[in-house]
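Working notes, beginning with the structure itself.
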Amino acid sequence: MLYPLATETRQLIDLSGEWQFKFANHTDWQPIAVPASFNDQLVLSECKNYVGDFCYQTEFYLTPAMLKERIFIRFGSVSHFAQVRINDQTIGEHQGGFTPFEFEITQAVRLGKNLVRVDGNNILNNSTLPVGNYSEYQNEQGEMRKKVSENFDFFNYAGIHRPVKIWTKPQSYIEDITITYELEQTRAQVNVALMLQGDWDSAKIRIFDENDQEVAYSEGLVCQQLTIENVVRWQPRNAYLYKMQVMLYQNEQCLDSYTETFGMRTVEIKDNQFLINDKPFYFKGYGRHEDTHFNGRGLNNAANILDTNLMKWQGANSFRTSHYPYSEEMMRLADREGFVVIDETTAVGLMHNFGAGLINDPAEQDINTWQKYTTMEAHRQVIKELIQRDKNYACVVMWSIANEPSSAEEGAYEYFKPLFDLARECDPQKRPCCFVNIMLAPAGKDLVMALSDVICLNRYYGWYVNTADLSQAKKALQAELEYWHTLFPNKPIMFTEYGADTVAGLHDMDFNTPFTEEFQIEYYKAHHEVIDKLPYFIGEQVWNFADFQTKYGTFRVQGNKKGLFTRTREPKMAAHYFKERWNSIPHFGYKS
């Protein structure tokens, strides 16, 4: 799916701004900002925590010239379901709150003012991703209320989270561009597969370097090959992006034009190393969340720029899109700035017994996740949509199929095997695939790791286990890592999460006091004592980049406090610790 851009043949109307909003059981409209979550823009708790149907609407205007083209409406994302109407005509719907979708609206629009309405809901259940436990109840006034108990540790923000754009395209147009390549020394053979609509004679392709000098040209049909000499490879924290201009012709007239940026690099797993451009790469970075004050999970370009600069300041080189696909704007920024990305689906919460300690009914604790949950259709959909969207990004080096599923339960392998197969089939660049393992499915009990190319671990020794006993934590961590290596001697291992909740400004003379800034540093030092000695351990992504909002509960105080930065991006002491550590660790060859 092409990112929406204005070109010499396409026009773009950005509908970002003030829309009208109401909950389904209300009659009055009120202003709301788009893109952004509705939750933090509304004052009352009943609004912030609302579950159910809601409506957005706004107006846009079309000129006579626009009506001569094909017209589309494109949503970056709506969480978690959207039905779209133009001028009271239903044009389509989409389930899944973190991937883009678009509909052609040519037949529904008119000259001048047009009305777009989005009827959505934020309901999650045992068939959706993320997973939520859905129920209904009657309040004291006799009104039916809906409730979602999230099966994950972040707030269920909802609404139109990413930009909405009206996009005009010619009658014959370029629908998609797929780029693959083969690199040999300083030469690249670039393979281009085009998806085209309408009538046309030929497609011309020009590739330009970063100095806007043409380095390759071809003319032909939907599949073409081009050769680039003296190629400059995309490198972590040293990005180089080429520009591919595709032009669609008929009778020597240019019908459509689109320019796709792309980088070229190789990715390979060999000898317990993760190789980028044939060199052993070491992951330094974070799990993150799209989470800021006021915007909630809505696109915040200013925060993205700030976060990117903070990552540079620390010497980081990577992040995981935990636990859902991030905005295209953030992915394009990562591609431009050279940040390596583990690209994750929305498959979080795939563990029925995740909260078993809080479940009162003993029978519920014995229910098998893979028999109870019916998420396969949603899981297949998000894998296909994610890879279709992000397939050309050089920054994406690995697909994460799920975060912390119940991979020790019977049926886990049978559930995940076709999903790993699907991801490998869909990806034209054949990147590695992984999933993120939870502590409840340790080495020797997990049933899915055989499918994964990298052993990605979320581990909290010294926090949830061996709390504040860092000596025992180190022993337990080392024992498990060595066991993983014994079971899978050819797979590299990395942390995709490790951390401890830390309240900014909380200090103690005793460095072993949990929640203090001193303890956060000691926690990380203990883990690094273990992993720095293991040649097959290839990376550390802390949890989390910044504090973030979660659902209410005694387990959290105004959200998760494991960030190296506060939610407003003030650094904790550990941020400075990692700045010193990561700037001393090279991107390549750290343990060679």
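The values are calculated or read from the model by the stated rules, or taken from the named source; none is laboratory data. None of these values were measured; they are calculated from a predicted model. Positions of Cβ are generated from backbone atoms using ideal geometry, with glycine treated the same way; all protein chains shown enter the neighbour counts.
What the table below lists for this structure:
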item: Candidates T58, T90 - the one that is within 21 Å of I166 (Cα to Cα), touching a strand residue (DSSP E or B) at 6+ places or on another chain (Cβ under 9 Å), loosely packed, with under 15 Cβ neighbours inside 10 Å and modelled with pLDDT of 95 or more; result: T90
item: Subset of the range 129-153 (residues that are in a loop (DSSP other than H, G, I, E, B) and either at pLDDT below 95 or touching a helix residue (DSSP H, G or I) at 6+ places or on another chain (Cβ under 6 Å) (or both)); result: L129, N139, E140, Q141, G142, E143, N151, F152, D153
item: In the range 239-265, residue nearest to G338 (Cα to Cα) [restricted to those that are assigned to a loop (DSSP other than H, G, I, E, B) and within 27 Å of the chain's Cα centre (by Cα)]; result: A239
item: Residues of the range 1-36 satisfying the condition of being within 13 Å of K169 (Cα to Cα) and of a type in the set (K, R); result: R10
item: Filtered residues of the range 506-535 (kept if acidic (D, E) and surrounded by fewer than 17 Cβ atoms within 10 Å (Cβ to Cβ)); result: D508, D510, E529, D532
item: Residue match in the range 113-120 (condition: out of contact with any helix residue (DSSP H, G or I) (no Cβ under 7 Å at 6 or more places or on another chain), under 27 Å from N458 (Cα atoms) and surrounded by fewer than 19 Cβ atoms within 10 Å (Cβ to Cβ)); result: no
item: Out of K525, K591, K561, sole residue that is within 24 Å of R320 (Cα to Cα) and at pLDDT below 95; result: K591
item: Hits in the range 237-256 - residues which are under 16 Å from A6 (Cβ atoms) and either surrounded by fewer than 18 Cβ atoms within 10 Å (Cβ to Cβ) or among the aliphatic types (A, V, I, L, M) (or both); result: K243, Q245, V246, M247, C254
item: Residue match in the range 536-544 (condition: assigned by the TED database to the domain that holds R288, closer than 30 Å to D40 by Cα, outside any helix (DSSP H, G or I) and over 29 Å from the mean Cα position of the chain (by Cα)); result: no
item: Flag for R332 being under 25 Å from L194 (Cβ atoms), part of a helix (DSSP H, G or I), over 14 Å from the mean Cα position of the chain (by Cα) and not polar (S, T, N, Q); result: no
item: Tally of residues being farther than 12 Å from W399 by Cα and among the basic types (K, R) across the range 425-477; result: 4
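So that you can scan it fast, the table gives a plain yes or no per residue for (1) in contact with a strand residue (DSSP E or B) (Cβ under 6 Å, 6 or more places away or on another chain); (2) more than 30 Å from Y50 (Cβ to Cβ); (3) part of a loop (DSSP other than H, G, I, E, B):
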site	(1), (2), (3)
T513	no, yes, yes
K533	no, yes, yes
R556	no, no, yes
K562	no, no, yes
Y577	no, yes, no
